[in-house]
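To keep things clear, I will list the structure first and then write my remarks on it.
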2 protein chains.
Amino acid sequence: MIAAMTPEPRSGHARVADTLAKLAEVEADTWVATASTDGVQHLVPLSYAWDGRSVILAAPASSVTVRNVRASSRARIGIGPTRDVVLADVEVDRIVDAADAPADLAERYAVQSGWDPRREPEPYVYVLLRLRRVQAWREANELEGKLIMRDGAWLY
Amino acid sequence: MIAAMTPEPRSGHARVADTLAKLAEVEADTWVATASTDGVQHLVPLSYAWDGRSVILAAPASSVTVRNVRASSRARIGIGPTRDVVLADVEVDRIVDAADAPADLAERYAVQSGWDPRREPEPYVYVLLRLRRVQAWREANELEGKLIMRDGAWLY
């Protein structure tokens, strides 16, 4: 009876469509994992936006996450819940001071995330992250076929 | 009107109680961030159990997460959703082959997580993680007072 309650695994095309819908979701957060050059992991939930090419985060310029991505140019992000996961290895495209950000970038972030870091008292930066490798799965029966992007290209 | 919809911030005692309830939740997952010694971050969602002292994970012996925690003896875990967060810096207490695990450990994990890694075809290990530093918050109005454990001791 348990097996009957788990839906059939989604196709690759369905997983890409569902992933794009998650990336476009309003007022959503992603778990952002980074590491220092000497191997200390960091993890925080951050609000995000999506411009069709990059995931856009905003974080204090002095935060551990920003320090780590400046040094490593990479991160791994997880969008949940944990039984409807999108997990992406990402590369830093650009890091932009919020105070000097192009209006279209700042407006896009504010509209999708529901929050405008330009109004915070401390200096923020936008971090634009390019997707390189993406996995998407719900339950154990979707572990096969979970890879949906490789080397920056959707596989479906 | 938005402000009126956000509940009052919880007390420290309430945050500890809610955190213990999350740790005891059945069939729940946590986001597990680790790093390699050369600074490559990793992130995966894993089922967990809680014995009142350590968070217990199970993962393939050959997985990146297990390789990283064997080398670094630490991790950072996030239990969601992202607007009801428990974020913990943890230290490895023990790593135990599932095949040789004490029955009470294996049973505890199977009962709480709803899954028994001893039945998997590949070798698994249990990773017991001691909480060292814990933060808990829901919305922005709970960022103040988010620290609820320091140096392994609950502050409330």
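The values are calculated or read from the model by the stated rules, or taken from the named source; none is laboratory data. Being a predicted model, the structure only gives us computed values, none of them experimental. Reconstructed Cβ throughout: ideal geometry from the backbone, glycine too, with neighbour counts over all protein chains shown. Ligands, DNA and RNA are stripped out before the accessible areas are found, and what is left, the full protein with its side chains, is counted by its heavy atoms. Shrake-Rupley method; radii C 1.70, N 1.55, O 1.52, S 1.80 Å.
Details
- Test: residue in the range B:70-86 that is closer than 22 Å to A:Arg138 by Cβ and among the acidic types (Asp, Glu): yes
- Residues in the range B:87-98 include at least one that is at pLDDT 95 or above and more than 18 Å from the chain's Cα centre (by Cα).
- Only listed residue being within 28 Å of A:Ala28 (Cα to Cα), in contact (Cβ under 8 Å) with a residue 24 or more places away in the chain and of a type in the set (A, V, I, L, M), chosen from B:Ala98, B:Ala75, B:Ala61: B:Ala75
- In the range A:124-140, the residues that are modelled with pLDDT of 95 or more and either loosely packed, with under 14 Cβ neighbours inside 10 Å or farther than 26 Å from A:Val96 by Cβ (or both): A:Gln135, A:Ala136, A:Trp137, A:Arg138
- Near pairs, Cβ below 9 angstrom, 6+ apart or cross-chain, from the range B:23-40 (at the interface with chain A (Cβ under 9 Å from one of its Cβ atoms) and within 15 Å of A:Arg76 (Cα to Cα)) to any residue that is among the aromatic types (Phe, Trp, Tyr) and open to solvent by less than 60 Å² (accessible area, probe 1.4 Å): B:Trp31/A:Trp31; B:Val32/B:Tyr48; B:Ala33/A:Trp31
- Qualifying residue in the range B:70-80 (condition: open to solvent by less than 10 Å² (accessible area, probe 1.4 Å), more than 16 Å from the chain's Cα centre (by Cα) and more than 23 Å from A:Ile77 (Cβ to Cβ)): no
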